Structures are given as C-alpha cells and as structure tokens.
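Here's the structure, in structure tokens; my notes come after.
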Amino acid sequence: MKFFVRHFVLRRSVALLLAGILCGCASWQPVTSERSYVTAAEPNHVRVVLHDGVVEELYAATAVRDKLTGLRREGDEKSRVSIPMRQVSEIQVWQSDEVGTVVLLGAVGLAGVVFVMAMSWRGIGGASSLPRLDQVGVRP
C-alpha cells in the first residue's frame, strides 16, 4: 500500500510538472505598433479587436495598404477576410512569458520537494517505515 501511495504521488507530481511545461505561461498580448508588427513579423495567428468590440481571429495575417487581411476559420472552412486598419482597435498575438514559466516550474518543483520530504518524514513512503527482516520473523 505504501508503495502504491508513493508511486501514485510521483506520477501525479510528474503529470503536474509536465502540464506546467507544456502550457507554460502564455496568453494573448497586445502589440504596440499593429501595422509594423504584422508587416515585419508576419504572425501565423493574431487576434484582432475592432472598435465596436468584435473580436476576430485571423491566420496568415498580412498588412496590405490600409487593410489587414488573413484567413478566418469557420468550422472546417476557411475564408479570406479583409479588415480596414481604421476599424482595428488592437492586435494581439499569443506569446509565452519565459519569466512566468520559470517561476511556475520553480514553484511546482519546490512544492514537490516539500511534499516528498513531508511524506518521508511522516513515514508514508520512506524506506525507514518498512520493518526489518528480523522484526517479521525472517532470519538471515
């Protein structure tokens, strides 16, 4: 039973750590200069917030003259969309936050170490909690 508890805790800890690594700390971040960013970076996926509050997600976005063009997905179908830049309030891109990811992984790692130490200290999973052979009637 104690082996099962230790194995269960270890698997859950590894799963939590991997989830933190895979997800990272990423979110939609606004870009400062919309037109120059889209022209220079040619992002694969952007979120466009219009002045009337409508949010569009565009793929393969490019800035052509005074319009932002890209592909919009509607289910399995894609359609080309062209939005005048004067209607665009903000352009956002999905960016990871490296500092936030390192802090998250450090916190998860520290919590794991503290948890393992607490488990060992309480005798739940540590080797010190197992009986010696002479205590169970087995002679060497």
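The values are calculated or read from the model by the stated rules, or taken from the named source; none is laboratory data. Just so it is clear, the structure is predicted and the values come from calculations on it, not from any experiment. Every residue, glycine as well, gets a Cβ built from its backbone with ideal geometry; the counts of neighbours run over all protein chains shown.
Pick out, from region 58-128, the strands (runs of 3 or more DSSP E) lying fully within it that include 2 or more residues that are modelled with pLDDT under 85.
Qualifying strands (runs of 3 or more DSSP E): 88-96.
Using beta carbons and a limit of 8 Å, which pairs, at least six apart or on different chains, have the first residue in region 67-88 and free of Cβ contacts under 8 Å to residues at least 12 places away in the same chain and more than 22 Å from Val31 (Cα to Cα) and the second one in a strand (DSSP E or B) and hydroxyl-bearing (Ser, Thr, Tyr)?
Pairs that qualify, where the first residue is free of Cβ contacts under 8 Å to residues at least 12 places away in the same chain and more than 22 Å from Val31 (Cα to Cα) and the partner is in a strand (DSSP E or B) and hydroxyl-bearing (Ser, Thr, Tyr), are Arg80/Thr69.
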